[in-house]
1. Report yes if residue 144 is farther than 15 Å from residue 4 by Cβ and free of Cβ contacts under 8 Å to residues at least 24 places away in the same chain, otherwise no.
2. All but one of (1) surrounded by fewer than 22 Cβ atoms within 10 Å (Cβ to Cβ); (2) over 12 Å from the mean Cα position of the chain (by Cα) hold for residue 166, so report the exception by its number.
3. Report yes if residue 174 is touching a helix residue (DSSP H, G or I) at 6+ places or on another chain (Cβ under 9 Å) and surrounded by fewer than 19 Cβ atoms within 10 Å (Cβ to Cβ), otherwise no.
4. Is it fair to say residue 150 is in contact with a helix residue (DSSP H, G or I) (Cβ under 7 Å, 6 or more places away or on another chain) and at pLDDT 95 or above?
5. Answer yes or no: is there a residue in the stretch 118-135 that is surrounded by fewer than 22 Cβ atoms within 10 Å (Cβ to Cβ), under 21 Å from residue 34 (Cα atoms), in contact with a helix residue (DSSP H, G or I) (Cβ under 6 Å, 6 or more places away or on another chain) and modelled with pLDDT under 95.
6. Scan the stretch 89-103 and report the pairs whose first residue is touching a residue at least 24 places away in the same chain (Cβ under 8 Å) and whose second residue is assigned to a helix (DSSP H, G or I) and β-branched (Val, Ile, Thr), with Cβ atoms within less than 6 Å and a gap of 6+ or a chain change.
7. Listed residues 140, 169, 158; which is among the basic types (Lys, Arg) and at pLDDT 95 or above?
8. Between a first residue in the stretch 160-185 that is charged (D, E, K, R) and a second residue that is surrounded by fewer than 18 Cβ atoms within 10 Å (Cβ to Cβ) and part of a loop (DSSP other than H, G, I, E, B), which pairs have beta carbons less than 7 Å apart while being 6 or more apart in sequence or on different chains?
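The values are calculated or read from the model by the stated rules, or taken from the named source; none is laboratory data. What you are looking at is a predicted structure, and each value in this text was computed from that prediction instead of being measured. When we count neighbours, we look across all protein chains shown, and the Cβ atoms used for this are built from the backbone with ideal geometry, even at glycine.
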Amino acid sequence: MRLYALCDQDMLDNKGISLEEYVNLAKANAAEIIQYRNKTADVSFIKQQLIKIRKMYDGFLIVNDKYELIEFCDGVHLGQEDLKIVDEDVVKAAKIIRSVVGADKILGLSTHSEEEVNLANEMDLNYIGLGAFRTTDTKKNISTVLGDSLDVIASKSKHYVAAIGGVKKSDNFTNVTYHVIGSGLL
């Protein structure tokens with residue numbers, strides 16, 4: 001199992017965990033990637049958090065949504081809705097985002113179905129997040145839970161696949177590169 005740690009600010013705040021504690025926990029569990037997600041803060045706060053993480057962690061650092069902060073991390077992870085803000089044609093939107101973040105940075109995209117995986121195969125991405133595998137406390141209003149079909153859908157991807165949504169360290173997948181774990185590390 002390869003670990004992709006999801007550091008969600010709301011989760012940290014709700015559980016009374018500091019950013020430093022979470023990063024140390026991710027490092028202790030050999031996380032190859034940390035994604036920092038904060039859906040409510042302004043860009044300057046997120047930038048400061050990225051700088052703090054970078055000082056403590058030398059693995060891959062991904063920011064959720066805020067591609068304008070790409071210079072402070074190794075990549076950006078977007079949701080389907082983030083692409084549609086850029087352009088209704090999600091393939092075109094991914095090209096625009098890639099031109100902004102650059103070829104040397106990581107670009108990831110959340111997917112939730114075989115149809116979205118097939119569309120992602122047309123995009124210049126480094127990986128896809130696929131799920132939700134189960135329901136989760138860190139993401140509200142999950143409309144699709146893939147369960148055991150996640151691994152089958154993952155086999156359709158030409159990109160690395162990160163299983164998202166309620167994933168545990170003990171889960172076994174054949175076609176998944178990374179387990180994305182947020183509160184499961186706590």
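1. No; evaluated as a whole, the condition is false for this residue.
2. In the conditions (1) surrounded by fewer than 22 Cβ atoms within 10 Å (Cβ to Cβ); (2) over 12 Å from the mean Cα position of the chain (by Cα), residue 166 misses (1) alone.
3. Yes: the conditions hold for residue 174.
4. Considered against the rule, which asks whether it is in contact with a helix residue (DSSP H, G or I) (Cβ under 7 Å, 6 or more places away or on another chain) and at pLDDT 95 or above, residue 150 comes out as no.
5. no
6. 101/70
7. 158
8. 169/1
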